[in-house]
Amino acid sequence: MMRTARYLAAAAATLATGFAVAQQPAPPAFAASNLSPAGVRALAANCAACHGTHGKPAPGSTLAGLAGKPKDELLTAMTQFKQGKKPATVMHQLAKGYSDEELAALADHFSKQAR
């Protein structure tokens, strides 16, 4: 009888602990985007793997150079990638990870880079 009581108490404690864990609040949402100059440079650094540092791909590369292109042209292309309207290998997936404000900030950043 004593053994059964201990077993039931342990089972109740386990259930109570499981219930408490299940009732914890959801994890916080991601922080708001950082559109400061340093934040935009950090976002632009993600583009360097394919498009080169400061939007200048390696000589002979078939990838688009971003440096010095008109802001509206860059923003239109990135928005079309995000919406799935422009064919791409990976850009359509990458662009979905940025807010419209971040895409506009990136377009502005690359438009100001020397070719």
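The values are calculated or read from the model by the stated rules, or taken from the named source; none is laboratory data. Quick caveat, the model's predicted, so the values are computed rather than measured. Reconstructed Cβ throughout: ideal geometry from the backbone, glycine too, with neighbour counts over all protein chains shown.
Condition first: hydrophobic (A, V, I, L, M, F, W, C) and modelled with pLDDT of 90 or more. Can you find one or more residues in region 9-25 that meet it? Taking every residue of region 9-25 in turn, none turns out to be hydrophobic (A, V, I, L, M, F, W, C) and modelled with pLDDT of 90 or more. Residue count for region 50-75 satisfying the condition of being under 19 Å from the mean Cα position of the chain (by Cα) and over 12 Å from F110 (Cβ atoms): 1. Residues in region 60-89 that are touching a residue at least 24 places away in the same chain (Cβ under 8 Å) and not in a helix (DSSP H, G or I) were compared, and the one that is surrounded by the most Cβ atoms within 10 Å (Cβ to Cβ) is L66.
Tally the residues that are under 20 Å from T89 (Cβ atoms) and more than 16 Å from the chain's Cα centre (by Cα), restricting the search to region 38-49. Qualifying residue count, region 38-49: 0.
Selection within region 90-115: residues that are in a helix (DSSP H, G or I) and of a type in the set (S, T, N, Q). The member of this set that is surrounded by the most Cβ atoms within 10 Å (Cβ to Cβ) is S111.
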